[in-house]
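Here's the structure, in structure tokens; my notes come after.
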Amino acid sequence: MKALIGGWASTLPLLFLLVVTACDDNDSNTASCSDCDRNTEYCVMHGSDVVGVDDAYACEPLPPNCATTVECACLDGAEASFNLPWCLELGGCVETDNGLMVTCPGG
């Protein structure tokens, strides 16, 4: 029994690496907001509240409300793949040289 447990324990790091790699298949993850196309996307910064874990950035498509004027107000009431109203209320939105940036606080 001891050999069996020891055998499984040695494969756990590899198993963890495979699971993390398989789950990290989101093409919207970027290194910063500068990776987003200001004409078609806005940036979402998901703040990390965990020591040693960096903030995460994602480019989201601009909603139809932003077709004529790209400003933070055009995101009000827009649908998103995350809790956009909560992020706008607690984190906010700013207009930058790279386009709109929404901040979602960690927690």
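The values are calculated or read from the model by the stated rules, or taken from the named source; none is laboratory data. The shown structure was predicted, so the numbers you read here are calculated from the model rather than taken from an experiment. All Cβ positions, even for glycine, are placed from backbone atoms using ideal geometry, and neighbour counts span all protein chains on display.
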Next item on the list: Report, by residue number, each residue of the stretch 83-104 that is surrounded by fewer than 18 Cβ atoms within 10 Å (Cβ to Cβ), touching a residue at least 40 places away in the same chain (Cβ under 8 Å) and in contact with a Ser or Thr (Cβ under 6 Å, 6 or more places away or on another chain).
Entry: N98
Note to self: Within the stretch 53-73, take every residue that is assigned to a helix (DSSP H, G or I) and surrounded by 16 or more Cβ atoms within 10 Å (Cβ to Cβ) and give me the one that is modelled with the highest pLDDT.
What the structure shows: C72
Margin query: Can you pull out every residue in the stretch 83-107 that is under 15 Å from E41 (Cα atoms), under 16 Å from the mean Cα position of the chain (by Cα) and not in a strand (DSSP E or B)?
Written below: L84
Item checked: Sole exception among (1) touching a His at 6+ places or on another chain (Cβ under 7 Å); (2) farther than 19 Å from D35 by Cα for A56, by number -> (2)
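Report yes if L84 is touching a helix residue (DSSP H, G or I) at 6+ places or on another chain (Cβ under 8 Å) and modelled with pLDDT of 95 or more, otherwise no.
no
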